[in-house]
Amino acid sequence: MLVYPHDLSIGGSQINAIDLAAAVAAAGHEVIVYGIPGPLVSYIEERGLRYVPARPLKYRPAPSRIVQIAALAQSEHIDLIHAYEWPTCLDAYYGAGLLLKVPLLCTVLSMQVPPHVPASVPLIMGTSDLAIEARKTHRGQVWVIEPPIDVDHDTPFVDGSAFRNKHGVADNEFLVVSVSRLAIDLKLDALVRAIDAVDMLAGSYPLRLILLGDGPAREALTARAAVVNRRHEREVVVLPGADLDPRSAYAAADLVIGMGSSALRALAIARPLIVQGEQAFSEIFEPSTFDLFLRQGFYGLADGAAGAGRLAAQMEELIRDPARRAALGRFGREMVTKRFGLQRAARIQLDVYDRVLANPPLCRFVEALHSARLSLMLEIVNHDPFRKRAKGSREQEILLTVRSGSWPPVLGE
């Protein structure tokens, strides 16, 4: 088995891929993890998996990785390649899949159905809503495996006291934690609204927000946090950087806010949770919203309303009701254990592997050309100097707003 996460920076999709690879190896299969070097290489080694570094070429698909994967498939007698997200899928498809006929499976945990994946390649989607969308256009088989959580590793027994002591959080302070990439795409709206919501409440409650993570938006978010801290004349918002093992941060929290796998890990550690998304989306995770998140994943889109009033109101509800927080923590742990446990996901995935190997899809040159055309068009757009300059200017404008402006930004004004 060759497992190929899209890169090895710290992120939910990559950690899911590694955890499932370790579970598959524990079931008796030989697993190699292949990927562009990053912080998670040490995590792969801790799980006892063999790692092969990928060549770090930025183009998608990358010719050097196409050749490298095909050579690996031959030399290691690979039976199945499991790629995560569409660029890695194409790297595996054009050499090992198309020419060497090695069966290929692609997992998509992003929040849209990628048109670049060849129509015959079987897909695993992260939510039932996305699987329904994929089946409308995709000829290959489509399964659903929600992001898995190692509930034997992430438990309510994790001790958060050292984390609170390290960051000087007093016993009477209400600690809100977010564990996230500090990225401009997908994450930034939620992160800014988290800072603003805490700003709205910090005058009334002994409140602290710790944003654990790193990324291109960190400097701008730190500047916005500094404005809040000066206004309240105390440390309200802290950005300490990334942590490869954030379990103690979750355990230390009185409330976790976040999305995706981070949200599920918080629930596994029995923390109350507010799920965030983009365009001002936020909802308390509770029995009444459970079905919503099962369908669409732990993420959402709302109306893009100005300000952080919605999130602040939800936070205040939970700050004022410790009994409800405790009940939500118990409910979350029970739900994750039953529905999102790693061993359950591994059993489903092994069954998918058996089905793909029993009935490997036929790769067709027509679909290969179609995917190549779409990818080439995207790469032309991505590397167009005028578009790159415009994108860079737009991102700088967004980050300038993050530093001190109202949110969401009105671009072009």
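The values are calculated or read from the model by the stated rules, or taken from the named source; none is laboratory data. The model shown is predicted, which means the values in this text are computed figures rather than measured ones. Because the Cβ atoms are built from the backbone with ideal geometry, glycine has one as well, and the counts that use them run over all protein chains shown. Accessible surface is based on the protein model in full, side chains and every heavy atom, while ligands, DNA and RNA are left aside. Shrake-Rupley method; radii C 1.70, N 1.55, O 1.52, S 1.80 Å.
Accessible surface area normalised per residue over the chain is 44 Å², counting heavy atoms of protein chains with a 1.4 Å rolling probe.
In this model, which of Lys187/Lys388; Lys58/Lys388; Lys58/Lys391; Lys136/Lys391 are farther than 24 Å apart at the alpha-carbon? As for pairs spanning more than 24 Å Cα to Cα, those are Lys136/Lys391. Counting only DSSP beta bridges whose two residues both lie in the chain, roughly 10 percent are antiparallel. In units of the compact-protein estimate 2.2 N^0.38 Å, segment 144-253 shows a Cα radius of gyration of 1.11. What is the helix-to-structure angle for 309-319, meaning the angle in degrees between its Cα long axis and the longest Cα principal axis of the chain, kept from 0 to 90 and rounded to the nearest 10? Between helix and principal axis, roughly 70 degrees.
Straightening the chain between Leu99 and Asp129 buys 7.5 nm, computed as 0.36 nm per residue apart minus the Cα-Cα spacing.
Isolated cysteines of the chain, defined as having no other cysteine beta carbon under 4.7 Å away, are Cys363. From largest to smallest, the equivalent ellipsoid semi-axes obtained for segment 213-321 from the alpha-carbon gyration tensor read 23, 18, 15 Å.
Contact order, relative form, for the chain: 16 percent (alpha carbon pairs under 8 Å, 6 or more residues apart, mean separation divided by residue count).
With one equal scatterer per alpha carbon and no solvent term, the Debye-computed log10 I(q)/I(0) for segment 273-406 at 0.10, 0.14, 0.21 1/Å reads -0.69, -1.00, -1.18. In segment 325-393 the Cα-Cα distances spread across 10 Å bins starting at 0 as 15, 17, 17, 22, 26, 3 percent of all pairs. The C-alpha atoms of segment 182-237 occupy a region whose extents along the principal axes are 32, 16, 15 Å, arranged from largest to smallest.
Counting protein heavy atoms only, the chain has 54 percent of its accessible area on carbon and sulfur, 1.4 angstrom probe. If you line up the long axis of helix 385-404 against the longest principal axis of the chain, both from Cα atoms, how many degrees apart are they, to the nearest 10? Between helix and principal axis, roughly 20 degrees. Residue order by solvent-accessible surface for Lys391, Lys338 is Lys338, Lys391, largest first, with ligands and nucleic acids left out and a 1.4 Å probe.
In the calculated pair-distance distribution of segment 73-195, the portion above 18 angstrom amounts to 67 percent of the Cα-Cα pairs. Here the extension length gained between Asp152 and Ser393 equals 82.2 nm, from 0.36 nm per residue of separation less the Cα-Cα distance. In segment 308-347, one over the average inverse separation of all distinct C-alpha pairs is 11.9 Å, which is the Kirkwood hydrodynamic radius.
If you wrap segment 1-155 in the convex hull of its Cα atoms and look at it from every side, the mean projected area works out to 8.9 nm².
Here the gap between Ala27 and Leu292, fully extended at 0.36 nm per residue and compared with their Cα-Cα distance, gives a gain of 92.1 nm.
Projected over every direction and averaged, the convex hull enclosing the alpha-carbon atoms of segment 228-269 yields 3.7 nm². Do you know the relative contact order of segment 162-278, to the nearest whole percent, from alpha carbon pairs under 8 angstrom that are 6+ apart? In percent, rounded to a whole number, it is 31. With N the number of residues in segment 3-93, Rg(Cα) / (2.2 N^0.38 Å) evaluates to 0.99.
Given that compact globular proteins tend to follow 2.2 N^0.38 Å, what is the ratio of the alpha-carbon Rg of the chain to that value? Cα-based Rg divided by the globular estimate yields 1.00. Between the helical axis of 365-383 and the longest alpha-carbon principal axis of the chain there is an angle of about 40 degrees. Distance between the 7 Å Cα→Cβ label points at Ser110 and Lys58: 1.7 nm. Rounded to the nearest 500, the helix-only mean residue ellipticity at 222 nm of the chain stands at -14500 deg cm²/dmol, with each DSSP H run of n ≥ 4 adding -39,500 (n - 2.57). Taking label points 7 Å from Cα along the Cα-to-Cβ direction, Leu362 and Gln279 give a separation of 4.1 nm. Trp143 sits with roughly 40 Å² accessible to a 1.4 Å probe, with DNA, RNA and ligands left out of the calculation.
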